[in-house]
1. Which residues, counting only those in the range 163-221, are aromatic (Phe, Trp, Tyr), surrounded by fewer than 16 Cβ atoms within 10 Å (Cβ to Cβ) and within 25 Å of GLY27 (Cβ to Cβ)?
2. Out of the residues in the range 1-51 that are at pLDDT below 85 and among the aromatic types (Phe, Trp, Tyr), state the one that is farthest from GLY147 (Cα to Cα).
3. If I ask for residues that are more than 18 Å from the chain's Cα centre (by Cα) and hydrophobic (A, V, I, L, M, F, W, C), which ones from the range 154-182 would you list?
4. Which numbered condition trips up LYS61, out of (1) among the charged types (D, E, K, R); (2) surrounded by 14 or more Cβ atoms within 10 Å (Cβ to Cβ); (3) more than 23 Å from ILE183 (Cβ to Cβ)?
5. One residue is enough: does the range 81-100 have a residue meeting the conditions hydroxyl-bearing (Ser, Thr, Tyr), farther than 24 Å from PRO20 by Cα, touching a Phe, Trp or Tyr at 6+ places or on another chain (Cβ under 6 Å) and touching a residue at least 12 places away in the same chain (Cβ under 8 Å)?
6. List every residue pair whose Cβ atoms sit under 6 Å apart, with the two residues 6 or more apart in sequence or on different chains, where the first one lies in the range 159-185 and is without any contact (Cβ under 8 Å) to a residue 40 or more places away in the chain and the second, anywhere, is in a helix (DSSP H, G or I) and crowded, with 18+ Cβ neighbours inside 10 Å.
7. Among the residues of the range 72-111 satisfying the criterion of being among the small types (Gly, Ala, Ser) and at pLDDT 80 or above, which is farthest from TYR51 (Cα to Cα)?
8. Only helices (runs of 4 or more DSSP H) wholly contained in the range 65-164 count here; list those with 3 or more residues that are aliphatic (A, V, I, L, M).
Amino acid sequence: MKNLAKPTEPLHQPGQWHLPAACLLAGGLLDGLTSMNLGWAWPVWLAPVFYLRTMDYLGLKKGFWAIVFTSFTSGVISAALTLPSLFADIIVMMLTMTLVSSGVYWLYHTLYANITGFKATLLFPALGTFLDYLLSWVHPFGSIASGAYLQHGLLPLIQLSSLTGIWGITFLVGWFGAVCHFIWKEGHYHSVRTVVAKAWPFWSAMLGVFCYGLLRLYMPA
């Protein structure tokens, strides 16, 4: 196995700044695209992968504050471009939500070292879904900030909401990020067979969800 350092220990060596910088930049760009509400589903799936890897490279404290700064900056730019009239009113709320959401990455990496194997990937989506649920109670617009709404173009996927509400979609999207991080971190990416074998519970769940969605879409009422 490769890259088996504890989550609190940075992987990169002094002077090797390009790897964490590239992951942080990719995460920030994807995060910004998510905040702009362009209707694209894929940035929501991919941004956590790069933020999680940033924590691996920089360590717990530096990684947390790097994600806070990057996520907040991308959110500010997105808000300035899409909601200029409300920018001053939402800036404090954006900072608060950024700190809270970045805390999911911090908590995940804190606990990751104590959980072995693939089951550790369930922790990140569980924390993210729980946070989304809590924010829906305190956010002035309810669950509007959930990335699940950006999945509206994936018709088979959103059929899952008939069973779980939007929280099942939130969990599945977050699980994808955690699974990709697990495969990348543990070095299981050298062949398609290895990727499938090491993460078969996730791929099975995805297949089941999409099969259910297609049946629900195309079976006669």
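The values are calculated or read from the model by the stated rules, or taken from the named source; none is laboratory data. Quick caveat: nothing in here was measured; it's all calculated off a predicted structure. Positions of Cβ are generated from backbone atoms using ideal geometry, with glycine treated the same way; all protein chains shown enter the neighbour counts.
1. Within the range 163-221, TYR189, TRP203 meet the criteria.
2. Only one residue fits best here, namely TRP17.
3. Kept after step one, since they are more than 18 Å from the chain's Cα centre (by Cα), are these residues of the range 154-182: 155-156, 159-165.
If the condition is that a residue be more than 18 Å from the chain's Cα centre (by Cα) and hydrophobic (A, V, I, L, M, F, W, C), then LEU155, LEU160, LEU163 are the ones that fit.
4. Here LYS61 clears every test but (2).
5. Pass one, the range 81-100, residues hydroxyl-bearing (Ser, Thr, Tyr): 82, 85, 96, 98.
Remaining after also requiring farther than 24 Å from PRO20 by Cα: 82, 85, 96.
Narrowing the set further to residues that are touching a Phe, Trp or Tyr at 6+ places or on another chain (Cβ under 6 Å) leaves none.
No, because not a single residue in the range 81-100 is hydroxyl-bearing (Ser, Thr, Tyr), farther than 24 Å from PRO20 by Cα, touching a Phe, Trp or Tyr at 6+ places or on another chain (Cβ under 6 Å) and touching a residue at least 12 places away in the same chain (Cβ under 8 Å).
6. As it stands, the answer is ILE166/ALA148; TRP167/THR129; ILE169/ALA148; ILE169/GLN151, since those pairs meet every condition given.
7. At the first step, the residues of the range 72-111 found to be among the small types (Gly, Ala, Ser) are 74-75, 78-80, 85, 88, 101-103.
Next, from what is left, pick out any that are at pLDDT 80 or above: 74-75, 78, 101-103.
Working: SER74: 13, GLY75: 15, SER78: 18, SER101: 12, SER102: 9, GLY103: 12 Å.
Here the answer is SER78.
8. Details: elements: 87-112, 123-138, 155-158, 161-164.
Answer list for the range 65-164: 87-112, 123-138, 155-158.
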